[in-house]
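The values are calculated or read from the model by the stated rules, or taken from the named source; none is laboratory data. Computed from a prediction, not measured in an experiment: that's the story for all the values here. Here the Cβ is made from the backbone with ideal geometry for all residues, glycine too, and neighbour counts use every protein chain on show.
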Amino acid sequence: APVPKVQILNVDELVHNSTDVLGFTPFPSEDDVGELDKRFIIGVDDRHLWNDPNYPFIAVGRLLFANGVFCSGAMIGPRIVLTARHCHVDGTPGVFAPGYDNGNRYGEAQLTNVLFTTGQEPNSACDTKGDWAIYALDQRLGDRVGYFGAKLPDHSMLDQPKFYHIGYPGDKDGGRRPYRQTDITIHSKPRTFDCDSTGPIWTNTDTMGGQSGGPLWELDENSNRWIWGTLSVGVQSSTETYSGFASGNNMVDGIIYMRNQFP
């Protein structure tokens, strides 16, 4: 299997001045019930198994590298996938399977290329904001399962339980099944946007290893799904627990760049 070709750009090289990029719904969904209904959850863990066979859920999938490392990711173009930069395994082949649930329900594609940026101070808020990577695939799986749009954060939507996340947590079913969380809130303080006005994003999402790279998305009034960020890190202290998502202008610009490079 091929090793993904790495392309690294300095953040200053990704400037499109765009605020969003549209997604694609491959076929009419039954309705929006999947995102809007509530499930019974035991205890404080708000993640629950979710194997709905409709868009947008099947546009989220699992990346698996030849050395056994796996992460979550989301189709963000016909043949490109958004995930976390720290998921990248240098010099190692990998595959992506959208809608993965104990097997490849909607096919599998090889990772051929990857884009991420440098220029952020290590272990800083800007490093979290920049912890995204975009892989190109050898097949247009997005034509079948659809793909998300992406946008810059809208500050008027902070501190409201309006967001969704799906990933493949290693502490549940060995990372082989998708788990969803609803009613996620993006915190306005003390940390969100502590790099710049577009990121990173800090939330109350429940996270474990394997969920890295999973999307945080908004369902708008026109049934468009917009990714705001990709899961980067979970933080726990004696007083609080929160999770951070890579996000922002460079991520949206990177998506536009990769869509143009790999249509």
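Selection within the stretch 185-209: residues that are surrounded by 24 or more Cβ atoms within 10 Å (Cβ to Cβ) and touching a helix residue (DSSP H, G or I) at 6+ places or on another chain (Cβ under 6 Å). The member of this set that is farthest from Asn249 (Cα to Cα) is Pro200. Of the residues examined, Lys151 is one that is in contact with a Ser or Thr (Cβ under 7 Å, 6 or more places away or on another chain) and either in contact (Cβ under 8 Å) with a residue 40 or more places away in the chain or closer than 17 Å to Asn249 by Cα (or both).
One line per residue, one yes/no per condition, for (1) of a type in the set (Ser, Thr, Tyr); (2) surrounded by 19 or more Cβ atoms within 10 Å (Cβ to Cβ):
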position	(1), (2)
Asn54	no, yes
Asn67	no, no
Arg85	no, yes
Tyr100	yes, yes
Leu111	no, yes
Glu121	no, no
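Each residue in the stretch 111-134 was checked for being within 14 Å of Val252 (Cα to Cα) and of a type outside the set (Gly, Ala, Ser), and 7 pass. Looking across the stretch 202-226, just one residue is in a strand (DSSP E or B) and β-branched (Val, Ile, Thr), and that is Thr203. The residues of the stretch 175-201 that are without any contact (Cβ under 8 Å) to a residue 40 or more places away in the chain, assigned to a strand (DSSP E or B) and over 19 Å from Gly73 (Cα atoms) amount to a single one, Thr185. Among residues of the stretch 238-262 that are farther than 11 Å from Asp20 by Cα, those with a Cβ under 6 angstrom from a residue that is at pLDDT 95 or above and in a loop (DSSP other than H, G, I, E, B), sequence gap 6+ or separate chain, pair up as Gly244/Pro200; Ala246/Asp131; Ala246/Trp132; Ser247/Pro200; Phe262/Arg79. Condition check: outside any helix (DSSP H, G or I), out of contact with any Phe, Trp or Tyr (no Cβ under 7 Å at 6 or more places or on another chain), of a type in the set (Gly, Ala, Ser) and modelled with pLDDT of 95 or more. Does Gly170 satisfy that? No; evaluated as a whole, the condition is false for this residue. Look at (1) closer than 19 Å to Arg191 by Cα; (2) part of a helix (DSSP H, G or I) and you find that Arg144 fails only one, number (1).
Within the stretch 123-137, the residues that satisfy the criterion of being surrounded by 15 or more Cβ atoms within 10 Å (Cβ to Cβ) and touching a residue at least 12 places away in the same chain (Cβ under 8 Å) are Ala125, Cys126, Thr128, Lys129, Gly130, Asp131, Trp132, Ala133, Ile134, Tyr135, Ala136, Leu137. In the stretch 233-256, of all residues being of a type in the set (S, T, N, Q) and in contact with a Gly (Cβ under 6 Å, 6 or more places away or on another chain), the one that is modelled with the highest pLDDT corresponds to Ser247.
Within the stretch 244-263, track down each residue that is part of a loop (DSSP other than H, G, I, E, B) and surrounded by fewer than 23 Cβ atoms within 10 Å (Cβ to Cβ). Those that are part of a loop (DSSP other than H, G, I, E, B) and surrounded by fewer than 23 Cβ atoms within 10 Å (Cβ to Cβ): Phe262, Pro263. Looking at Asp220, Asp159, Asp206, Asp196, just one residue is among the acidic types (Asp, Glu) and at positive phi, and that residue is Asp159.
Which members of the stretch 189-213 meet the condition of being over 16 Å from Tyr242 (Cβ atoms) and small (Gly, Ala, Ser)? Write out each step before concluding.
Filtering the stretch 189-213 for residues over 16 Å from Tyr242 (Cβ atoms) gives 196-198, 209-210, 213.
Ser197, Gly209, Gly210, Gly213, listed by residue number.
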